[in-house]
Structures are given as C-alpha cells and as structure tokens.
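> Okay, here's the structure, questions in a sec.
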Amino acid sequence: MYRKMLNGYYLELDGSFYEQGKKHGEVLKAEIQKNIDRYKEALRQFNLQKINYEKLVDDNFEFLKKNHPEYAEELQGLSDGSEIELDDILFINIPLYFILRWLPDECSSILARNKATADGKTYLIKNRDMGNGWVEHAVIKRTLPNGKQLIEVSGAGMITFPGNVMNCDGLAISTSGVWSDKMSFDLNRVVDSHALINSRLIAENAANVDEAIDYIEKMPRMTGLNIVLADKEKAVSVEVTKDNLRVANEADDIIVRTNHYEHPDLVQLNPNREEYKSTFFRKERAEAYLQEHFGDVRLQEMIKIASDHENGPINTICRHPHGDVDSNTIYTSIIVVEDFEVWTTLSQACLSINHTSIDEAKRSDNR
C-alpha cells in the first residue's frame, strides 16, 4: 500500500528485505533519482580526487554485507525496483559526505513527557534540517520478516539512516548530528564500522530504552550523534562519539538535543557559540517554551514549538533558507509513544499546519 502525501509518500512494506526494497524502489523511483542527483550535485564542489571515494563506499558496503546481509538484500531490491544502478543506491546509503563534513545534517529533537504534559503522555519531535537543497522523504510502515513492525521517516531510497523511528514495542528514537572541527574520525574504520548510526537497526534489535543504550554502545561506528530515546517508562538523551557514549536526562520530563553535546565529558568537542549560534539558540528556545508550558504540554504545544520562528531568520527551530544560509527543515515528525502513533508532515510544520484560535473574550457556550 502507498499513497501520495504533500512533498512525499506514505508506504507500507512487508515481505522479505529484498521485496521491501523492490517495492520501495518501484514506488519512489523518481524521488530516489532526485536525491541521488541532488547529492552528486552538492558534492561536485569538493575535490574527490584527493581520496578514493568510490573505494571507501565499496569497503563500507562489504562491512554491511558481512554484518547485516539483509540490508544488502534490501539495497539490491531498491536498485532492481527503481532500475537505478546499485552504485548510485549505495552512494546515498553510505553517507560518508556527512562524516567528511561536506554536507552537514543538523536537526532538533524535542521531548516532553510525564509531569510536563497535560495527559502524562510522551511526545517526541524530530525536525530534520538539511542544507544544499531539498531532500525527498517518505513515511514508511514496515513489517519485518520476523513480524516486528516499525514506522520510520527517511529519505527516499535511504534505508541506513532514518531520521526517526518507532517500533511496535513502543521504543521511539530521534537523532541529531553533532558537527565540529574538534571531532575526529578515522577513514580506516570504513571497513568495520557504520558510517552513521542506524536508528532503524536500533529499533529492530531493542524493545526499550535500556536495550537500545546497550545496542548503541556495542555498535561499531565512525562518528557520533545525539540520540533521544523514549519508551512508556523512561526517556534519556544519549550523546555518542565514535569511541564513547554518555547517558543524560534520566530524571527529566523535558529533553532537547540539537547539534552540540551537553555532557561534561564531551563539551570540549563542541564548536563555540559564535561559530554555531543556531544549535544553541534552538535548544534554549525549545527548553524555555516547554518549561513555560510545563504541566500543560499537549500535541498542540509540540506543533507550535516545531513551527517556531523565534530568533529568526536563521537561528529558528523551524528553518527556512535565508541569504547564504540554506538549511531547511525537510520534515517535522511527532511520535506519541503511548498511542503508538507518528504524526508527520514532509515539509516545515509552519507551512502544513495552520493554527488559528478564537480570542478568549469572544468565546461562548453557544447558548
């Protein structure tokens, strides 16, 4: 099953991994090709002759085939279904351009739960912010061959790094990149590590927050991320580098992570405030808004903060290109953990969800 959404598609996939990839490729052929063309165009500004980029991709695919052969099958299915060369499918699924900091992937993760919310439920926002043009996305509900169900929001044709995902156990995951010249990576690890942490793999292999932390800690990785994890009992932020992992916010009902670290052991890796104002402005604004509405946060408040333009025009939570800064909020997705629901708009929330209210003085009981 599939249907067209504004700026994207909703897909339901089942069967073998190959069959899921093939259906994905058949339905989103045009969107996948747009994403390939977009990334290739963006990378033309860099001198790829300095490194053997294709070999790095091939080496990392060998790691994937050895350790997660089901993903290799799904990638082949994507190629066959879309009639796009496998090398091009791998190009957008082994995102070394993020590790090399050529194309920063930003994003904000915002969570409210327990005493912070009016109904005691857990709400987790993902605003995916990307530069260098628009990226085609899809909402995918998949039933794995073992019967486990996932809902993920990901780039068309991109199965190795969804922006956020929830599984049928009620585990919700949202990620945001951490980018700084103070962070190191080792391209030699391309033969034995994930290019980016794959949140879908976490959702496939963990049923709750504690199992997810354990899985992430053991995952070989070339770089790090900020990850917000939530289930019906617990929520935490996990700050990850290529070698270390720190867990924070275990007692907090509000958690916000953008594109810098908060844990004392990792803050030395951050850019300073002047170098990267946006990450600090977005975090502080989201926290202040949720604290202001503490105890009364509903889905409406989550939509409002996802659509927020405070500190504009370039340091906002809901992001739009402006001047030389081209970072765009590609989608907004809100997971309601206790309801097993994911609400998603494949554009900026402010353009897709209109908020209008009657003035309090004009309200009546209609009697």
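> Once every DSSP H run of n ≥ 4 in the chain is given -39500 (n - 2.57) and the sum is divided by its residues, what mean residue ellipticity at 222 nm do you get, rounded to the nearest 500 deg cm²/dmol? List each step's numbers first, then the result.
On the way: 11 runs with 112 residues, N = 367.
So the helix-based figure for the chain works out to -9000 deg cm²/dmol.
> Tell me, what % of the accessible area of region 77-136 is carbon and sulfur with a 1.4 angstrom probe?
Details: 630 of 1610 Å².
Carbon and sulfur together cover 39 percent of it.
> Determine how many Å³ per residue the convex hull of the Cα atoms of region 145-247 encloses. Before the final figure, lay out each step's value.
Details: hull volume 11.3 nm³, N = 103.
Enclosed volume per residue, from the Cα hull, is 110 Å³.
> Sort K232, K121 from largest to smallest accessible area, using a 1.4 Å probe on the heavy atoms of the protein chains.
Numbers: K232 100, K121 55 Å².
Solvent-accessible surface, decreasing: K232, K121.
> May I ask you to rank D308, D243 by accessible area, largest first, using a 1.4 Å probe over the protein chains only? All intermediate terms of the calculation are to be shown ahead of the outcome.
Details: D308 20, D243 90 Å².
Ranked list, largest accessible area first: D243, D308.
> Quick one: accessible area per residue over the chain, 1.4 Å probe, rounded to a whole number of Å²? Before the final figure, lay out the partial values.
Working: 15640 Å² over 367 residues.
Per-residue value: 43 Å².
> Quick check: the distance between the Cα centres of region 285-334 and region 60-98, to the nearest angstrom?
34
> Also, I was wondering about something else. Probe 1.4 Å, all protein chains in place: accessible area of K29 in Å², nearest 10?
Approximately 90 Å² for this residue.
> What do you get for Rg/Rh of region 76-196 when both radii come from the Cα atoms and Rh is the Kirkwood radius?
Details: Rg = 16.7 Å, Rh = 16.6 Å.
Radius of gyration over Kirkwood radius for region 76-196 works out to 1.00.
> Once you put a point 7 Å from the Cα of N52 and another 7 Å from the Cα of N354, both along the Cβ direction, what distance in nm separates them?
With each label placed 7 Å out from Cα toward Cβ, I get 5.7 nm.
> For region 42-99, what is the convex hull (Cα atoms) projected area averaged across all directions, in square nanometres? If you can, show how the numbers build up before the last one.
Values: hull surface 17.3 nm².
Across all orientations, region 42-99 yields a mean hull projection of 4.3 nm².
> Moving to a separate point now. Dipole magnitude of region 66-148 about its Cα centre, charges +1 at Lys/Arg Cβ and -1 at Asp/Glu Cβ only, in debye to the nearest 20?
Working: 10 positive and 13 negative charges, 178 e Å.
Approximately 860 debye in magnitude.
> Residue by residue, what Karplus-based ³J(HN,Hα) values in Hz, rounded to whole numbers, does region 253-265 have, using 6.51, -1.76 and 1.60 with θ = phi - 60° and x for Gly and Pro?
Per residue, the Karplus-derived 3J(HN,Hα) values read 9, 10, 9, 10, 9, 10, 10, 8, 8, 10, 5, x, 6 Hz.
> I want to verify the translational diffusion coefficient of region 17-128 in µm²/s; compute it with Stokes-Einstein, Rh as the Kirkwood radius over Cα pairs, at 37 °C and 0.692 mPa s. Numbers along the way, then the final one.
Values: Rh = 16.3 Å.
Rounded to a whole number, D works out at 202 µm²/s.
> Report the accessible area of V342, computed with a 1.4 Å probe over the heavy atoms of all protein chains in place, in Å² rounded to the nearest 10.
Roll a 1.4 Å probe over it and V342 shows about 40 Å².
> Quick check for me: using +1 on Lys/Arg Cβ and -1 on Asp/Glu Cβ, what's the dipole size of the chain about its Cα centre, in debye to the nearest 20?
Working: 43 positive and 60 negative charges, 114 e Å.
Dipole of the chain, to the nearest 20 debye: 540 debye.
> Shifting gears a bit: Could you work out the equivalent-ellipsoid semi-axes for region 243-345, taking the square root of 5 times each eigenvalue of the Cα gyration tensor, largest first, in whole Å? Working shown, then result.
Working: eigenvalues 103, 86, 36 Å².
For region 243-345, the semi-axes come out at 23, 21, 13 Å.
> Carbon and sulfur: what percent of region 212-341's accessible surface (1.4 Å probe)?
Working: 2420 of 5300 Å².
Carbon and sulfur: 46 percent of the exposed surface of region 212-341.
> Using the Karplus curve 6.51 cos²θ - 1.76 cosθ + 1.60 with θ = phi - 60°, what ³J(HN,Hα) values do you get for each residue of region 190-207, in whole Hz, with x for Gly and Pro?
Per residue, the Karplus-derived 3J(HN,Hα) values read 4, 7, 9, 9, 6, 4, 10, 4, 9, 5, 5, 4, 4, 5, 6, 10, 9, 9 Hz.
> Once amide H atoms are built 1.01 Å from N in the peptide plane, which residues 5 or more positions from I84, or in another chain, come under 5 Å H to H?
Correct list: empty.
> Right, next: Going through the cross-link list K126/K234; K22/K126; K182/K242; K29/K141; K234/K283; K34/K182, which pairs have a Cα-Cα distance over 23 Å in this structure?
K22/K126; K34/K182, as the Cα separations exceed 23 Å there.
> A further question follows. Could you state how much accessible area K65 has, in square angstrom rounded to the nearest 10, with a 1.4 Å probe and all protein chains kept in place?
Spelled out: K65, probe radius 1.4 Å, area about 80 Å².
> Q268 to Q291: FRET efficiency via 1/(1 + (r/R0)^6), r the Cβ-Cβ distance, R0 22 Å, to the nearest 0.05? Mind showing how you got there, number by number?
Working: r = 27 Å, r/R0 = 1.23.
So the FRET efficiency works out to roughly 0.20.
> Which order do you get for H320, H194 if you rank them by accessible area with a 1.4 Å probe, largest at the top?
Numbers: H320 55, H194 15 Å².
The ordering from most to least exposed comes out as H320, H194.
> Work out, step by step, the length gained on full extension between R3 and R298: first 0.36 nm times the residue separation, then minus their alpha carbon distance; give nm to one decimal.
Length gained between R3 and R298: 103.4 nm.
> Let me know the whole percent of all Cα-Cα pairs from the chain that are separated by more than 27 Å. Don't jump to the answer; show the numbers that get you there.
Numbers: 29948 of 67161 pairs.
In whole percent, the long-distance tail amounts to 45.
> Moving on. Based on the Cβ-Cβ distance from A251 to E83, what FRET efficiency comes out when R0 is 51 Å, to the nearest 0.05?
Values: r = 52 Å, r/R0 = 1.01.
With a Förster radius of 51 Å, E is 0.50.
> What is the set of long-range amide H partners of I330 at a cut-off below 5 Å, with H atoms built 1.01 Å from backbone N?
It is R128, D129, M130, by chain and number.
> A further question follows. Over region 69-207, what is the relative contact order in percent, taking alpha-carbon pairs closer than 8 angstrom and at least six residues apart? If you can, show how the numbers build up before the last one.
Working: 200 pairs, mean separation 30.0, N = 139.
For region 69-207, the relative contact order is 22 percent.
The values are calculated or read from the model by the stated rules, or taken from the named source; none is laboratory data. Keep in mind it's a predicted model, so treat the numbers as computed, not measured. Methodologically, a virtual Cβ is constructed for each residue, glycine included, from the backbone with ideal geometry; neighbour enumeration extends over all protein chains shown. We work out accessible area using only protein heavy atoms, side chains counted, and drop any ligands, DNA or RNA first. Shrake-Rupley method; radii C 1.70, N 1.55, O 1.52, S 1.80 Å.
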